[in-house]
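The values are calculated or read from the model by the stated rules, or taken from the named source; none is laboratory data. Everything quoted here is computed from the prediction, not taken from an experiment. With ideal geometry, Cβ positions are generated from the backbone for all residues, glycine too; neighbour counts draw on all protein chains shown. To get the accessible areas, we keep the full protein, side chains included, count just its heavy atoms, and leave off ligands, DNA and RNA. Shrake-Rupley method; radii C 1.70, N 1.55, O 1.52, S 1.80 Å.
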Amino acid sequence: MTVGNGRTVRDLRRENRTAVLQCLYFDGPLSRFSLGPATGLSSGSISNVVAELVAEGLVEEAGSVDSAGGRPRTLLRISPASGCMIGVDVGETRVRIELFDLTLTELARTERPLGAGATGAHGRYDVGVVVDHLRDGIAEVLDRADVDPGRLLGVGVGVPGIVAGTPEDGAVVHGQTIGWDAVPLERLLRAAVPLPESVPYFIDNGAKTLGQ
């Protein structure tokens with residue numbers, strides 16, 4: 001079944017869910033009444049989407065606010081425990097791995113030094129050492145926070161270099177300052193890190209990810 005401009009009902013439902021989740025993530029807590037103008041969705045659509053998200057544990061109630069001449073309005077927010085994210089920074093002297101909930105509250109952190117054993121001639125980073133650090137560090141933060149890997153929504157990795165994508169290898173890193181020439185980092189991580197295949201990797205230049 002399609003709905004105008006060739007969009008399917010499934011696509012429209014996904015767009016509506018995304019609009020509500022993004023609004024609550026960046027501007028919440030908000031009431032159902034406030035979500036309508038903020039997302040451009042009808043009150044009926046808001047009610048349906050919110051009911052689905054609450055049932056799935058992605059959204060939860062967060063108190064209430066008075067309304068003009070009516071009943072108090074229930075506030076909604078993203079449920080912090082509904083998912084987790086891992087952030088990785090490959091720096092000049094260390095690899096830092098951090099685990100966050102959906103409110104960006106840090107749940108666990110670890111660092112692995114990139115000492116003399118991690119670099120070779122001309123300052124080249126040993127790819128194997130970096131991958132091992134990420135494998136061990138990701139396992140450590142998940143274990144320390146007692147988080148099931150299946151709850152991960154993604155792993156973001158900032159690297160010192162330019163990142164390009166290929167169909168075969170995913171993210172490929174070109175880092176002149178660290179001596180990496182077309183390193184298939186995403187493929188190497190998927191082979192080394194025991195995470196579910198459904199967990200996506202987002203690999204980009206470190207300065208760019210810091211800005212975002």
Fill in: Some residue of segment 15-33 being at pLDDT 85 or above, under 19 Å from PRO72 (Cα atoms) and in contact with a Gly (Cβ under 6 Å, 6 or more places away or on another chain)
no
Q) Out of curiosity, is VAL155 surrounded by 13 or more Cβ atoms within 10 Å (Cβ to Cβ) and either touching a residue at least 60 places away in the same chain (Cβ under 8 Å) or among the charged types (D, E, K, R) (or both)? A) yes
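Scan segment 158-171 residue by residue and report those that are of a type outside the set (Gly, Ala, Ser) and either part of a strand (DSSP E or B) or loosely packed, with under 15 Cβ neighbours inside 10 Å (or both).
VAL159, ILE162, VAL163, THR166, PRO167, GLU168
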Sole miss for ILE138 among (1) assigned to a helix (DSSP H, G or I); (2) at pLDDT below 90; (3) in contact with a strand residue (DSSP E or B) (Cβ under 8 Å, 6 or more places away or on another chain); (4) of a type outside the set (Gly, Ala, Ser) is condition (2)
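Can you tell me how many residues within segment 123-143 are among the charged types (D, E, K, R) and more than 20 Å from the chain's Cα centre (by Cα)?
Going through segment 123-143, the residues among the charged types (D, E, K, R) turn out to be 124, 126, 132, 135-136, 140, 143.
Then drop every residue that is not more than 20 Å from the chain's Cα centre (by Cα), which leaves 124, 126, 132.
Residues meeting the conditions: 3.
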So, first residue without any contact (Cβ under 8 Å) to a residue 24 or more places away in the chain in segment 124-150, second residue in a helix (DSSP H, G or I) and open to solvent by less than 30 Å² (accessible area, probe 1.4 Å), Cβ within less than 6 Å, six or more apart or across chains; the pairs are ASP126/ALA118; VAL129/ALA118
